[in-house]
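See structure below.
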Amino acid sequence: MKNLFFINQTHSTNSLLWEMLREKQLPEGFVMQTDFQTVGKGQIGNAWESEAKKNLLFSIALYPHQIPVDEQFLISQIASLAIKKTLDELTDDITIKWPNDIYWKNKKLAGILIENSLQGRKIKSVVIGIGLNINQKKFTSKAPNPVSLMQIIGKRQNRKKILSSICTNLMELYRNLDITKIRTEYADSLYYKSGFHSFQTESEQFQAEIIAIHPDGQLELATKNGERKGFYFKEVQFL
């Protein structure tokens with residue numbers, strides 16, 4: 001792959017890529033990859049467990065000036081769909097758990113951390129960090145439900161090919177930017193996309209079905225008595 005920078009170990013590919021971006025303009029689609037992160041980050045400060053040289057840990061730089069700030073959830077949808085398209089070639093039962101966790105059945109296979117730099121009403125630059133479990137056989141952290149492709153498929157996978165496929169899919173979706181198609185495919189790929197399921201907020205637990213994902217990323221649910229509820233990331237949990 002061109003525009004790929006590999007480092008054996010770093011604190012965080014997102015953090016290192018931001019450091020490089022502050023020094024110079026990198027090509028759009030530039031990829032920072034490592035075999036091990038000493039301070040791997042998940043959403044809202046969560047840690048990301050990854051055994052050295054077993055998985056994919058990488059970040060991608062974009063300059064999505066054409067995407068309005070209030071529709072920046074498109075970037076999350078593009079990244080999620082790019083990973084799903086790659087994994088669909090390898091196994092079944094891949095879904096996207098809102099907003100952007102990648103699931104196999106009821107287990108987490110990949111996570112995405114998106115960080116933006118804004119300039120007025122425009123998105124100046126974006127770093128998309130991706131952690132995808134590939135060849136790890138055992139997980140020792142307190143994360144409740146991790147899984148790897150090795151555990152699913154039963155044999156080692158080629159990390160380089162999977163990385164190339166994800167990046168190709170992501171840049172194709174990003175450059176074509178068929179917004180209606182992206183939103184439709186994302187909705188069709190959702191974990192819990194049909195039927196009633198259990199959800200939890202700080203104050204209540206309830207049964208609801210997913211009605212819509214709004215352009216700003218808000219999740220809209222409807223309870224069994226027809227009440228509509230809207231939530232942003234971390235305001236509701238899937239049970």
Quiz item: Which of the residues belonging to segment 3-34 are of a type in the set (Ser, Thr, Tyr), under 19 Å from LYS160 (Cα atoms) and either outside any strand (DSSP E or B) or not assigned by TED's automatic domain parsing to the domain that holds LEU57 (or both)?
Solution: THR13
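Out of all the residues in segment 99-114, is one or more of a type in the set (D, E, K, R), in a strand (DSSP E or B), more than 23 Å from ARG159 (Cα to Cα) and in contact (Cβ under 8 Å) with a residue 12 or more places away in the chain?
Scanning segment 99-114 turns up no residue that is of a type in the set (D, E, K, R), in a strand (DSSP E or B), more than 23 Å from ARG159 (Cα to Cα) and in contact (Cβ under 8 Å) with a residue 12 or more places away in the chain.
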Quiz item: Do we find that LYS137 is of a type outside the set (S, T, N, Q), assigned by TED's automatic domain parsing to the domain that holds VAL69 and assigned to a loop (DSSP other than H, G, I, E, B) in this structure?
Solution: yes
Quiz prompt | Answer residue from segment 95-118, given it is in contact with a helix residue (DSSP H, G or I) (Cβ under 9 Å, 6 or more places away or on another chain) and among the hydroxyl-bearing types (Ser, Thr, Tyr) and is nearest to LEU219 (Cα to Cα) among those | solution = THR95
Quiz prompt | Number of positions in segment 191-209 that are touching a Leu at 6+ places or on another chain (Cβ under 6 Å) and either within 24 Å of ALA110 (Cβ to Cβ) or acidic (Asp, Glu) (or both) | solution = 2
Self-check item: Check on ILE213, buried (at least 16 other Cβ atoms within 10 Å of the Cβ), closer than 21 Å to LEU87 by Cβ and not assigned by TED's automatic domain parsing to the domain that holds HIS65
Solution: yes
Quiz item: Taking the condition of a type in the set (Ser, Thr, Tyr), assigned to a helix (DSSP H, G or I) and either crowded, with 16+ Cβ neighbours inside 10 Å or in contact (Cβ under 8 Å) with a residue 12 or more places away in the chain (or both), does TYR186 pass?
Solution: yes
Quiz item: When you go through (1) under 18 Å from ASN158 (Cβ atoms); (2) surrounded by fewer than 23 Cβ atoms within 10 Å (Cβ to Cβ); (3) modelled with pLDDT of 95 or more one by one for LEU62, which number turns out not to apply?
Solution: (1)
Quiz item: Residue check: is LYS105 within 14 Å of the chain's Cα centre (by Cα) and surrounded by fewer than 20 Cβ atoms within 10 Å (Cβ to Cβ)?
Solution: no
Quiz item: Just a yes or no: is a residue in segment 147-156 in a loop (DSSP other than H, G, I, E, B) and in contact with a Leu (Cβ under 6 Å, 6 or more places away or on another chain)?
Solution: yes
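Check segment 193-209 and report whether any residue there is free of Cβ contacts under 8 Å to residues at least 40 places away in the same chain, part of a helix (DSSP H, G or I) and either more than 22 Å from PRO64 (Cβ to Cβ) or touching a Pro at 6+ places or on another chain (Cβ under 8 Å) (or both).
Taking every residue of segment 193-209 in turn, none turns out to be free of Cβ contacts under 8 Å to residues at least 40 places away in the same chain, part of a helix (DSSP H, G or I) and either more than 22 Å from PRO64 (Cβ to Cβ) or touching a Pro at 6+ places or on another chain (Cβ under 8 Å) (or both).
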Exercise. Return yes when GLN119 is closer than 15 Å to MET171 by Cα, over 18 Å from the mean Cα position of the chain (by Cα) and either modelled with pLDDT under 95 or surrounded by 21 or more Cβ atoms within 10 Å (Cβ to Cβ) (or both) and no when it is not.
Key: no
Exercise. Tell me, please, whether a residue that is among the β-branched types (Val, Ile, Thr), assigned by TED's automatic domain parsing to the domain that holds ALA52 and surrounded by 14 or more Cβ atoms within 10 Å (Cβ to Cβ) can be found in segment 163-178.
Key: yes
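The values are calculated or read from the model by the stated rules, or taken from the named source; none is laboratory data. None of these values were measured; they are calculated from a predicted model. Heads up, the Cβs are rebuilt from the backbone with ideal geometry, glycines too, and the neighbour counts pull from every protein chain shown.
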